[in-house]
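Quick one: the structure is below, questions incoming.
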Amino acid sequence: MASLDSLRALLEEELKDIYDAEKQLTKALPKLAKKASSPDLKAGFEAHLRQTEEQIDRLEQVFEYLEMPAKGKPCKGMKNLIAEGQEMMADAEDDATRDALMIAAAQKVEHYEIASYGTVRTWAQLLGKGEVASLL
């Protein structure tokens, strides 16, 4: 890990973390959509996948603006949220229960993303990087 001796270093490290988290989601969301028994839930996961792909595009613009390689670092938080959701779904005995568990897991992921993006957006603003903050 890079030395975290400045707000800029914190921003860069957290951007790498978020980038990896989004990449993990692009692999997990299609699996969730496939397992969903509700057509609306399936459509929701498919829509979230499209949004995630757009977020990856914006992050790549941020990396370019900051003159950083578009490269992630392993996001343990997202990895664990996805693993917890998979574990819970494996215990579900019926479709409705599994759907409910997938919704709960998706909400946890979404809150993690909100906290992460809110943090890096604020840091970008504090660093005078308005363009970056707008993308986030």
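The values are calculated or read from the model by the stated rules, or taken from the named source; none is laboratory data. Predicted model only: the values in this text are computed from it and were never measured. Glycine also receives a Cβ, built like all others from the backbone with ideal geometry; neighbour counts cover every protein chain displayed. For the accessible areas, the whole protein counts, side chains as well, though only heavy atoms, and no ligand, DNA or RNA atoms are used. Shrake-Rupley method; radii C 1.70, N 1.55, O 1.52, S 1.80 Å.
Let me check against my output: what whole-number percent is the relative contact order of the chain, with C-alpha pairs under 8 Å and at least 6 apart?
31
Counting Lys and Arg as +1 and Asp and Glu as -1, each charge on the Cβ, what is the dipole of the chain about the Cα centre in debye, to the nearest 20?
The calculation lands at about 180 debye.
Here is a follow-up. What is the sum of charges, Lys and Arg at +1 and Asp and Glu at -1, for the other residues whose Cβ falls under 9 Å from the Cβ of residue 92? Before the final figure, lay out each step's value.
Details: positive: 98; negative: 91, 93, 94, 95, 99.
Within the 9 Å Cβ shell, the charges total -4.
In Å², and per residue, what accessible area does segment 1-111 have when probed at 1.4 Å with the other protein chains present?
That works out to 59 Å² per residue.
Pick from 100, 33, 124: which is most flexible by mean-square fluctuation in a GNM of the chain where alpha carbon atoms under 10 Å apart are linked?
So, out of 100, 33, 124, the one fluctuating most is 100.
Please turn the phi angles of segment 31-38 into ³J(HN,Hα) values with the Karplus equation 6.51 cos²θ - 1.76 cosθ + 1.60 (θ = phi - 60°), one per residue in order, whole Hz, x for glycine and proline.
Going residue by residue, I get 5, 5, 4, 5, 7, 5, 8, 7 Hz, with x marking Gly and Pro.
If you don't mind, another one. May I ask for the percentage of alpha-carbon pairs in segment 83-136 that lie more than 15 Å from each other? Walk me through the intermediate numbers first.
Numbers: 821 of 1431 pairs.
The answer is 57 percent, as a whole percent.
Hey, another quick one. Could you tell me the relative contact order of segment 51-116? Use alpha-carbon pairs under 8 Å, at least six residues apart, and round to a whole percent.
25
Filter the trypsin sites (Lys or Arg not before Pro) in segment 75-136 to those in DSSP coil with at most 14 other Cβ atoms within 10 Å of their Cβ, and list the result.
Within segment 75-136, no trypsin sites (Lys or Arg not before Pro) qualify (loop, at most 14 other Cβ atoms within 10 Å).
Over the chain, what lengths in whole Å, largest first, do the semi-axes of the equivalent ellipsoid take, defined as the square roots of 5 times the eigenvalues of the alpha-carbon gyration tensor?
Details: eigenvalues 195, 43, 27 Å².
Those come to 31, 15, 12 Å.
A further question on this structure: In the chain, what percent of the accessible surface is made up of carbon and sulfur (1.4 Å probe, ligands and nucleic acids excluded)? Before the final figure, lay out each step's value.
On the way: 4070 of 7890 Å².
C and S atoms contribute 52 percent here.
One quarter of the convex hull surface, Cα atoms only: what value does that give for segment 40-110 in nm²?
That works out to 5.4 nm².
On to the next question. Identify which of 39, 30, 74 has the largest mean-square fluctuation in a Gaussian network model of the chain, with springs joining Cα atoms closer than 10 Å.
39
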